[in-house]
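Just below is one structure, and these are the notes that go with it.
The values are calculated or read from the model by the stated rules, or taken from the named source; none is laboratory data. Remember, predicted model here, so these are calculated numbers, not experimental data. Note that each Cβ is placed from the backbone with ideal geometry, even for glycine, and that neighbours are counted across all protein chains shown. The accessibility values were calculated without ligands, DNA or RNA, using every heavy atom of the protein model including side chains. Shrake-Rupley method; radii C 1.70, N 1.55, O 1.52, S 1.80 Å.
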Amino acid sequence: MSHFHSIARVPGDPILGLIDAYRADGNPAKLDLGVGVYKDAQGLTPIPCAVKLAEQRLVEGETTKSYIGGHGDALFASLLTQLVLGADSPLLTERAAATQTPGGTGALRLAADFIARCLPSRGIWLSDPTWPIHESIFAAAGLRVGHYPYVGTDNQLQVEAMLAALSHVPKGDVVLLHACCHNPTGFDLSADDWRRVLEVVKARELLPLIDFAYQGFGDGLEQDAFAVRLFAAELPELLITSSCSKNFGLYRERTGALIVCAETATKLQDVRSQLAFIARNLWSTPPAHGAAVVASILADNELKRLWMDEVEAMRQRIASLRAGLVEALQPHGLSERFAHITQQRGMFSYTGLSPTQVQRLREDFSVYMVGSGRANMAGLDANRLDQLASAIARVCH
Ligand code: PMP
């Protein structure tokens with residue numbers, strides 16, 4: 001008897017499938033705008049110098065590989081909480097704390113299992129569209145998953161529809177919000193929009209779960225924390241998932257945290273006891289290396305300064321590629337049609353190209369992007385913006 005006989009194959013991650021197709025393409029002028037990693041002008045995903053320096057120090061100074069605790073590296077947790085909530089946040093003393101997780105994905109899964117276990121019957125509401133893994137993580141944890149409108153078929157932010165939908169979700173449900181650099185669209189809420197969302201959250205007594213995967217990639221490290229800090233200041237309770245994959249370039253080191261803000265110090269500890277219990281069943285204790293790197297950087301003024309400059313350089317590169325692409329589209333009469341690319345933030349852009357246009361770009365011009373029309377702006381090459389603009393013009397006209 002074969003135990004595995006009836007097991008069917010599930011399709012692979014469509015975004016990762018793009019990597020294979022891109023690799024197999026022999027065209028030297030090919031462009032990879034698919035996979036969600038930052039790339040520099042050489043098309044590489046670099047290790048920041050601050051990370052390299054911190055790693056050198058760690059190799060010298062590390063004395064043990066024994067387990068770190070269930071909440072992870074305490075210095076990492078406290079410095080990351082400061083980075084997210086702001087060094088002067090009154091919550092830092094006893095109302096907020098981080099549990100280290102394997103990346104932002106681990107933080108999301110921990111949050112999902114926490115909701116399923118400790119807040120049973122609460123549904124979670126995701127933006128339509130959202131990062132596809134949000135859908136599967138919360139479904140895997142057994143939560144009821146709903147959607148609120150975010151970007152419509154006209155490729156525009158739908159703030160009114162979003163607010164209207166949120167004001168009808170069951171009281172007490174969880175709402176997942178992207179702090180900045182919305183994945184996949186690149187469309188972010190304005191400060192006023194955030195205040196209006198906050199009012200609905202208060203009125204419906206919703207629990208926000210803010211996914212903060214791109215701090216520093218939008219308008220700056222501090223600016224990108226606007227929504228998180230506004231919600232933390234105005235609400236008694238909040239969940240935040242923070243990822244160090246992009247801004248520290250630590251992708252494969254799986255470094256992130258679930259930050260909990262609670263109404264009292266006692267409640268915070270109650271929640272944290274549950275998180276440690278859930279984490280123990282998921283991964284026992286988190287991987288140490290990435291968190292040790294982040295802690296060494298954030299604890300050292302010189303390394304921190306260097307890292308902040310490096311994040312700023314990544315941010316500016318993406319912003320200038322966005323502006324450069326729209327400029328390159330101008331001779332083709334397309335700069336207005338694609339003006340949203342400069343309004344969007346972070347690595348991703350919902351270009352507004354249709355699945356057929358995306359397919360033609362791939363087949364005829366070796367330009368790889370996700371079928372939804374999502375392009376990773378960091379995958380662009382400043383010297384090849386004209387090439388891309390003419391390819392776009394060919395599939396648009
Ligand atoms: N949330 C969003 C919106 C993301 O785009 C990502 C990374 N693609 C993550 C969370 C998690 O990233 P990681 O697990 O690599 O830290």
Given the residues 252, 280, which is the only one that is more than 16 Å from the ligand (Cβ to nearest atom) and part of a helix (DSSP H, G or I)? 280
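Residue-by-condition table, conditions (1) away from the ligand (no atom under 14 Å from the Cβ); (2) touching a strand residue (DSSP E or B) at 6+ places or on another chain (Cβ under 9 Å):
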position	(1), (2)
94	yes, no
97	yes, yes
105	no, yes
115	yes, yes
119	yes, yes
123	yes, yes
126	no, yes
143	yes, yes
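For every residue, the table says whether it meets (1) surrounded by fewer than 22 Cβ atoms within 10 Å (Cβ to Cβ); (2) charged (D, E, K, R); (3) in the same structural domain as residue 204 (by TED's automatic domain parsing).
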{"position": "225", "(1), (2), (3)": "no, no, yes"}
{"position": "230", "(1), (2), (3)": "yes, no, yes"}
{"position": "233", "(1), (2), (3)": "yes, no, yes"}
{"position": "244", "(1), (2), (3)": "no, no, yes"}
{"position": "249", "(1), (2), (3)": "no, no, yes"}
{"position": "276", "(1), (2), (3)": "yes, no, yes"}
{"position": "280", "(1), (2), (3)": "yes, yes, yes"}
May I ask you to say which residue of 328, 262 is closer than 24 Å to residue 232 by Cα and either open to solvent by less than 30 Å² (accessible area, probe 1.4 Å) or at pLDDT below 95 (or both)? 262
Give the residues of the stretch 100-157 that are open to solvent by 10 Å² or more (accessible area, probe 1.4 Å), of a type in the set (Phe, Trp, Tyr) and part of a helix (DSSP H, G or I), sorted by residue number. 114
When the residues of the stretch 343-369 are filtered to those that are buried (at least 19 other Cβ atoms within 10 Å of the Cβ) and touching a helix residue (DSSP H, G or I) at 6+ places or on another chain (Cβ under 6 Å), which remaining residue is farthest from residue 184 (Cα to Cα)? 365
Restricting the search to the stretch 67-77, which residues are open to solvent by 80 Å² or more (accessible area, probe 1.4 Å) and more than 25 Å from the chain's Cα centre (by Cα)? 67
Just to be sure before I move on: is residue 198 within 14 Å of the ligand (Cβ to nearest atom) and open to solvent by less than 20 Å² (accessible area, probe 1.4 Å) in the structure I sent? no
Among the candidates 169, 159, single out the residue that is away from the ligand (no atom under 15 Å from the Cβ), touching a strand residue (DSSP E or B) at 6+ places or on another chain (Cβ under 7 Å) and modelled with pLDDT of 95 or more. 169
Scanning the stretch 209-248 for residues that are within 30 Å of residue 49 (Cβ to Cβ) and away from the ligand (no atom under 16 Å from the Cβ) gives 219, 220, 221, 222, 223, 226, 229
Residue 316 being closer than 22 Å to residue 42 by Cα, surrounded by fewer than 22 Cβ atoms within 10 Å (Cβ to Cβ) and in contact with a strand residue (DSSP E or B) (Cβ under 9 Å, 6 or more places away or on another chain): no
Go through (1) out of contact with any Lys or Arg (no Cβ under 8 Å at 6 or more places or on another chain); (2) within 16 Å of the ligand (Cβ to nearest atom) for residue 285 and report which single condition fails. (2)
State all residues of the stretch 184-195 that are away from the ligand (no atom under 16 Å from the Cβ) and either aromatic (Phe, Trp, Tyr) or buried (at least 20 other Cβ atoms within 10 Å of the Cβ) (or both); if no residue qualifies, say none. 194
Kindly list, by first and then second residue, each pair from a residue in the stretch 245-273 that is under 16 Å from residue 105 (Cα atoms) and touching a residue at least 40 places away in the same chain (Cβ under 8 Å) to a residue that is within 16 Å of the ligand (Cβ to nearest atom) and open to solvent by 40 Å² or more (accessible area, probe 1.4 Å), limited to pairs with Cβ atoms under 6 Å and residues at least 6 apart or on different chains. 245/251; 249/47; 253/289; 254/287
Restricting the first residue to the stretch 196-209 and requiring it to be in contact (Cβ under 8 Å) with a residue 12 or more places away in the chain, which pairs with a second residue that is among the small types (Gly, Ala, Ser) and open to solvent by 20 Å² or more (accessible area, probe 1.4 Å) meet a Cβ separation below 7 Å and a spacing of at least six or different chains? 200/167; 203/167; 204/167
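Of the residues 366, 284, which single one is more than 22 Å from the chain's Cα centre (by Cα), hydroxyl-bearing (Ser, Thr, Tyr) and not assigned by TED's automatic domain parsing to the domain that holds residue 128?
Going through 366, 284 in turn, just one is more than 22 Å from the chain's Cα centre (by Cα), hydroxyl-bearing (Ser, Thr, Tyr) and not assigned by TED's automatic domain parsing to the domain that holds residue 128: 366.
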Flagged pairs (Cβ under 7 angstrom, 6 or more apart or on separate chains; first in the stretch 315-334, within 18 Å of residue 348 (Cα to Cα); second surrounded by fewer than 17 Cβ atoms within 10 Å (Cβ to Cβ) and at pLDDT below 95) are 321/382; 324/382
Quick check: anything in the stretch 113-124 closer than 26 Å to residue 204 by Cβ and hydroxyl-bearing (Ser, Thr, Tyr)? yes
